[in-house]
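Shown next, in structure tokens, is the structure this report addresses.
Computed from the coordinates by the stated procedures, all read-outs in this text should not be read as laboratory data. Small disclaimer: the values here were computed from a predicted structure and weren't measured. FYI the Cβ positions are ideal-geometry reconstructions off the backbone, even for glycines, and counts take in every protein chain you see.
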Amino acid sequence: MKRRDALTLLGLGSLALAGLPRLGGNTPRKGRVVIVGGGVGGATLAKYLRLLDPGLHVTLVERNPIYIRPYGSTEVLTGHITMKDLDVTYDALHETYGVEVLIDAAVGLDPVKKLLRTAGKKELPYDRLVVSPGIQLDYGAIPGYSAQVAETRIPSGWIPGAQTALLAKQLQAMRPGGLFVLVAPPNPYRCPPGPYERAALVTEWLQRHNPTAKVIVADPKDAFVTDETMLLGWNRLYRYNPPDDYAKKLAAKVEVKRHSEGGPITWIRAKDGGKVKRLEAGSLQIHTEGGVLKADVVNVVPPMKAATLAFDLGLTDAAGWCPVDRRTFKSTKVPDVHVIGDSCIADAMPKSGFSANSQAKVAARAIVEELAGRPVPEPVWENTCYALAGMHYGLFVADVFRLVDGKIARTNGPDRYLPLDASPAQIRLGARYQQAWLRTFTQDVFE
Amino acid sequence: MDPTRILLSSLLALGMAGCHKAPPKAPPAPPPAGPPAVDLAKLPPVDGVSLAHTCAGCHGTEGRIKSAAFVSLAGLPAADLVRTMKDFRTGKRPSTLMGHVAKGLSDRDLEALAAYFAKLPKDAGKGGQP
Ligand SMILES: Cc1cc2nc3c(=O)[nH]c(=O)nc-3n(C[C@H](O)[C@H](O)[C@H](O)COP(=O)(O)OP(=O)(O)OC[C@H]3O[C@@H](n4cnc5c(N)ncnc54)[C@H](O)[C@@H]3O)c2cc1C
């Protein structure tokens, strides 16, 4: 917990907590929504609740006064942006939308009295509580790895912050010809194309600044979302030769170059021995099922589960994620509590910022309509994960989802990716849209 | 395994063992097997508000955005939006991803979306309209 002592209360927060009426005048007893987690899911929900029903009393509880956005954070490693560029404030949520923002950490709840407890010893009454606390990184799942190792020697940065900055420093200081190893996570995890985008952008940067350096992705999986389009990008940009099975599939639709000498980047899949058994933090040796890698800089994206808070509030299942009713995102474990974003179980939807944003809007409508005694609207969701194979090489997965037999299912059929035969212009455009999206998306969530 | 024996080069070789010799002359692959196709017509209707929410991450909250890349949708004549989306769906109008989005929506969805956006006030600033 970062700022247990910094119980800053922004603006109207104190009034609201004193039980005074807020914007919109009437304070209907059934109109008090408390949201925990001011990340993508929680911020979108707060904004859209107030847009849909300005009469609702909305309090956002977030432990950090500044949100460090994870999406786009890999660009810090390559110096394209700085850590400062990741900062997002809650000013607009408060000033434009009248959301009460309480900087404090949630620690528990009373499901009978419907009270949320905070580290700052507040008890916040709610009609509905919505939790969007994100993920926690299971550092201990890899022998030799730990939170302490991550903070000092082998950063993760999958929840961005000081580890992201440390990794950037390590990469930039890597010896000429050094080896950068990215340890990819098992499913399910936050941002499915993210580890491969990171490996690609690091490779692109190294080609320019450390041209004899190498990059290895050690993976406990044999496939990943956007794999064909990403590997094709590597083939074109980094002299990468895809594994036989991929090369065959790709060659059926597009020309795949066969490079007599492979380039700097290698993907070691589970079937090729990519699963990591343990790490040695001191010597930076990575013990995989296929052998030992002696690295110079290592980035581990460890296995994940729902954030600690979700466990503390009794919202998780045996697998460590939060089961919900898909139409409303109501927890199946605790009444009057909804869970959205990375920590909830959402079937075909990936754990992404776009998904969290889309889920927040569905939950917002469900809450507004239910509190008003009306039926819950039929939901629809969208997700697009943009990803880069290089700063000018954009690709993506894009899906629309509907509720089918109580589960979230894709409706757009087989067409989800950048076409393999996309033109160079389309590919460049994709990268431009990716960069623009970082901005427009942040606006839809926070501004 | 002897930790001092560094297998990097052999692992790199492993990675490269994957390269195919000559471009294999494979027949065009069938479309990737996705999940069983969902029959959109059999699902209950979705209203324009919920549908429009799914566009906002790119086209802006309530269809208004100031962006050099993405256009605003607020105030777009309904017939134009429906036609554009159908053209994206068939490929008549080329796109990076709008074709995929349009394939996930039914004609009824497009009508509901179009009616909703047509009623919204246009972006007051510039950079909005196509
Ligand atoms: C490198 C990288 C690249 C990515 N790229 C993309 C991309 O291109 N597109 C995309 O869609 N997604 C991307 N993502 C994923 C995206 O960032 C996440 O999926 C998204 O942030 C999830 O939203 P969330 O609301 O579930 O959690 P978060 O955004 O993590 O928010 C959780 C919030 O809850 C707060 N919190 C937790 N516990 C407490 C507590 N007890 N009390 C108070 N507050 C608490 C945290 O401080 C945090 O602010 C990327 C992620 C990474 C790491």
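Worth a mention:
- Working from Cα pairs under 8 Å separated by at least six residues, relative contact order for chain A is 17 percent.
- Taking the charge dipole of the protein assembly as shown about its Cα centre, with +1 at Lys and Arg Cβ atoms and -1 at Asp and Glu Cβ atoms, the residue from B:Pro44, A:Gly177, A:Leu231 reaching farthest to the positive side is A:Gly177.
- If you wrap the tightest convex hull around every Cα atom of the protein assembly as shown and split its volume per residue, you get 149 Å³.
- Long-range amide H partners of A:Val61 with built H, under 5 Å: A:Ile35, A:Val36, A:Gly37, A:Leu102
- Normalised by residue number, the volume inside the convex hull of the Cα atoms of segment A:295-343 is 92 Å³ per residue.
- Near the amide H of A:Lys277, within less than 5 Å, lie the amide hydrogens of A:His287, A:Thr288, A:Glu289, all on another chain or at least 5 residues away, with H placed in the peptide plane.
- Note on segment A:353-438: Cα convex hull, mean projected area over all directions, 6.8 nm².
- In sequence order, calculated HN-Hα J values of segment B:101-111 (Karplus, 6.51, -1.76, 1.60; Hz; x Gly/Pro): 4, 5, 5, x, 10, 8, 4, 4, 4, 5, 4
- Contour excess over end-to-end distance, with Cα ends at A:Lys113 and A:Arg432 and 0.36 nm allotted per residue: 109.8 nm
- Three principal axis extents describe the C-alpha atoms of segment B:45-121; from largest down they are 31, 29, 19 Å.
- ³J(HN,Hα) computed for each position of segment A:124-140 - Karplus, 6.51 cos²θ - 1.76 cosθ + 1.60, integer Hz, glycine/proline x: 9, x, 9, 8, 10, 10, 10, 10, 9, x, x, 10, 10, 8, 8, 4, x
- Mean residue ellipticity (222 nm) of chain A, computed from DSSP H runs ≥ 4 via -39,500 (n - 2.57), nearest 500: -8500 deg cm²/dmol
- Selection from A:Leu315, A:His287, A:Pro243, by position along the positive dipole direction of segment A:240-325 (Cβ): A:Pro243
- Amide H within-cut-off set for A:Lys351, under 5 Å, with H built and near neighbours excluded: A:Tyr189, A:Cys191
- With kT/(6 pi eta Rh) evaluated at 25 °C and eta = 0.890 mPa s, and Rh the Kirkwood radius from Cα pairs, segment A:116-219 diffuses with a coefficient of 151 µm²/s according to Stokes-Einstein.
- The label point for A:Arg153 and the one for A:Lys271, both projected 7 Å from the Cα toward the Cβ, are 3.5 nm apart.
- For the cross-link pairs A:Lys84/A:Lys305; A:Lys330/B:Lys86; A:Lys47/A:Lys330; A:Lys305/A:Lys361; A:Lys214/A:Lys351; A:Lys271/A:Lys294, the ones whose C-alpha atoms lie over 25 Å apart are A:Lys84/A:Lys305; A:Lys330/B:Lys86; A:Lys214/A:Lys351.
- What separates the Cα centres of segment B:64-92 and segment A:300-334 is a distance of 37 Å.
- Note on A:Ala162 and A:Phe311: their simple-model spin labels are 2.1 nm apart, each label 7 Å out from Cα toward Cβ.
- A:Asn64-A:Glu123 FRET efficiency (beta carbon distance; Förster radius 30 Å; 0.05 resolution): 0.90
- In sequence order, calculated HN-Hα J values of segment B:68-85 (Karplus, 6.51, -1.76, 1.60; Hz; x Gly/Pro): 6, 9, 9, 9, 6, 10, 4, x, 5, x, 4, 4, 5, 5, 4, 5, 4, 5
- Here the Kirkwood formula, the inverse mean of 1/r across different C-alpha pairs, assigns segment A:141-304 a hydrodynamic radius of 16.0 Å.
- Separation of segment A:401-421 and segment A:132-177, taken as the distance between their Cα centroids, equals 33 angstrom.
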